[in-house]
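Chemist: Before anything else, here's the structure in question.
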Amino acid sequence: MTARAHRTTHATSGTTSIEDYRKAMLNILEDFSEEKGRLEETQRATLNILEDFAAEKALLEDTQRAMLNLLDDFGMEREKTEAVDAANRELEAFAY
């Protein structure tokens, strides 16, 4: 029986004793303890989610840096290719 149901039973009977109050208080404390346990579980789950999010964010940032490096490398290679093509055109023109 929950503390709430326990209190309702005694309120309607009209008689309460010290033992009834003690039982009611123990029920309330038990309910509070259960709620505290659920709150702690929720806090742990929230912390785990935040840790996972931080790890995923760091992985995403690493991936973005790697992509930017690849784009930079690609740009440099393209510039080199264009320079080689220009040099080849000049050699061909000179050869004729």
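Chemist: Dipole of region 36-96, Cα-centred, from +1 at each Lys and Arg C-beta and -1 at each Asp and Glu C-beta, to the nearest 20 debye?
Modeler: Details: 8 positive and 15 negative charges, 90 e Å.
The dipole magnitude comes to about 440 debye.
Chemist: A further question on this structure: Calculate how steeply helix 3-13 sits against the longest principal axis of the alpha-carbon atoms of the chain, using the helix alpha-carbon long axis, and give the answer as 0 to 90 degrees to the nearest 10.
Modeler: Between helix and principal axis, roughly 20 degrees.
Chemist: On C-alpha positions alone, give me the angle between the axis of helix 18-95 and the longest principal axis of the chain, in degrees, nearest 10.
Modeler: 0
Chemist: Taking the Cβ-Cβ separation of Glu82 and Ala58 as r and a Förster radius of 30 Å, what is the calculated FRET efficiency to the nearest 0.05? Display every interim value, and only then the final one.
Modeler: On the way: r = 36 Å, r/R0 = 1.22.
Approximately 0.25, to the nearest 0.05.
FYI, it's all coordinate maths here, none of it is from the lab. Note that the coordinates shown come from a computational prediction; the quantities given were computed from them, not determined experimentally. We place every Cβ from the backbone using ideal geometry, glycine too, and count neighbours over all the protein chains shown.
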